[in-house]
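The block underneath contains the structure these notes are about, expressed in structure tokens.
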Amino acid sequence: MSKPNFIVFLTDDQGYYDLSCMGAEDLKTPHIDALAHSGARMTNWYANSPVCSPSRAALLTGRYPGNAGVRSILAGHRTAPGLPQEVPTLASALKKLGYQTAMFGKWHLGLAEGSRPHDHGFDEWFGFLAGCIDYYSHIFYWGMSDGGMDPIHDLWENGQEIYANGRYFTELITERAVDYIQRAAADGRPFFLYVPYNAPHYPMHAPEEYLDRFPGLPWERRIMAAMLSAVDDSVGAIMAEVRRQGMAENTVVFYQSDNGPSRETRNWLDGGDRAYYGGSAGPLKGHKFSLFEGGIRVPGIFSWPGAIPAQQVIHEMGAAMDVFPTFLTMAGGDPSEYELDGLDISEVLCHKAPSPHDYLFWEMEGQTAVRHGNWKLVLNGQLVEGEPPQDRVHLANLDEDMGETANLKDEFPHITAHLHKEAEAWREGIEERWASYWRKRQNGTTGYVTED
């Protein structure tokens, strides 16, 4: 078999339960459900951060966000730095193996020269560079007033600013992606296509045709369902083109959300005493910005009809940083040539092997978390950004309590102490490397550090 093609679908602020194949009963996502049916649906899949930029950095670099050089949400002004150019990405690694590469959608890994998609291995790209845009005017409004700046237009194609006023951005992404697959098929080389949708991130915009599909839902849930329905149609259109080009059997497809659902005030659709959000993490505790499960456990779907058995529901844990080594292995590359925190999970997907992870770790400002088997420890865990931590130390058995409702730290002191030590040691390593990176940057040394 020739080298497989790769497609990555990434959604934005989509809750764990916001797919019908994940349990939602009030919205419909038949095309994404079909993708899950054709391969493996992961029930213990994680983003590597509960916010956008670090999560995307981990997915593309195969590293924990701090080791990739992106630990927080990045600014949206046009000189904002981002992912260090020296850090390899999945796109740059696959290019070395003869792949053509493209990105259509939301970047959010830096706007300054040296931080843009073409600086990180993408042959061509279309989309926006900041954290969010109006879906029709493609203007970035949020946070600009904090720096005394006016809102800015943020729509680009291969480094050149373009204008498509009035066009719904989800549909623009899909048009570019379908066209690319047609051209990639004619080219004959294998391709890597990264499709990071900005839906269902605020602002809450959707065309009437999608809203009309959910007439009985409360308004806040209706707009969320409509935005996801537009994404679902888009996934369907892209996969239909893959089939038309005769590439379905040899195309690996991955789908996930970058973090849990938003509870930011910009997601509110009503004022006064009520605040509606629309997104749902189901029984999971927490949401975007939180290291409880609702902020980091996300939908995760893999499909490769030529190799991954269909109709699998896999409960082994994995994370976005695993995509880099897994895809590289599938392409015939060698993950050992790169500094990676992620692990190859191809045996998990193709042969029902256990997860290669003993531990998974997370950080978010003052929060730190670790998962080991069915145990999850959260230090200084927050439910709402800016509010005091709910618990200084919280231990949960996720097999018995996926909602992290009971704090078992006093009932299992030895497990608590062990995981506390592991979490602090991992966080200390991140902090030490980060400090070294900034020392070198202030001294004018180029290159992201691999050692202090």
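The values are calculated or read from the model by the stated rules, or taken from the named source; none is laboratory data. Fair warning: this is a prediction, and the values are worked out from it, not measured in the lab. So basically every Cβ, Gly included, is an ideal-geometry build from the backbone, and we count neighbours across all protein chains shown.
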In segment 405-452, which residue that is modelled with pLDDT of 95 or more and assigned to a loop (DSSP other than H, G, I, E, B) is nearest to the chain's Cα centre (by Cα)? Thr405
Out of segment 371-400, which residues are of a type in the set (Val, Ile, Thr) and under 20 Å from Ser72 (Cβ atoms)? Val378, Val384
Can you confirm whether segment 157-179 contains a residue that is without any contact (Cβ under 8 Å) to a residue 60 or more places away in the chain, in contact with an Asp or Glu (Cβ under 7 Å, 6 or more places away or on another chain) and over 20 Å from Leu19 (Cβ atoms)? yes
In segment 78-95, how many are assigned to a loop (DSSP other than H, G, I, E, B) and of a type in the set (D, E, K, R)? 2
Write out, first by first residue and then by second, each pair whose Cβ atoms fall under 9 Å of each other, whose residues are 6+ apart or on separate chains, and whose first residue, in segment 47-59, is assigned by TED's automatic domain parsing to the domain that holds Arg297 while the second is β-branched (Val, Ile, Thr) and surrounded by fewer than 24 Cβ atoms within 10 Å (Cβ to Cβ). Val51/Ile73; Cys52/Ile73; Ser53/Ile73; Pro54/Ile73; Ala57/Val87; Leu59/Val8
Filter segment 103-127 down to the residues that are assigned to a strand (DSSP E or B) and either out of contact with any Leu (no Cβ under 8 Å at 6 or more places or on another chain) or crowded, with 24+ Cβ neighbours inside 10 Å (or both) and list them by number. Met103, Phe104, Gly105, Lys106, Glu124, Trp125, Gly127
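Which one of Ala184, Ala206 is buried (at least 16 other Cβ atoms within 10 Å of the Cβ), in a helix (DSSP H, G or I) and among the small types (Gly, Ala, Ser)?
Ala184
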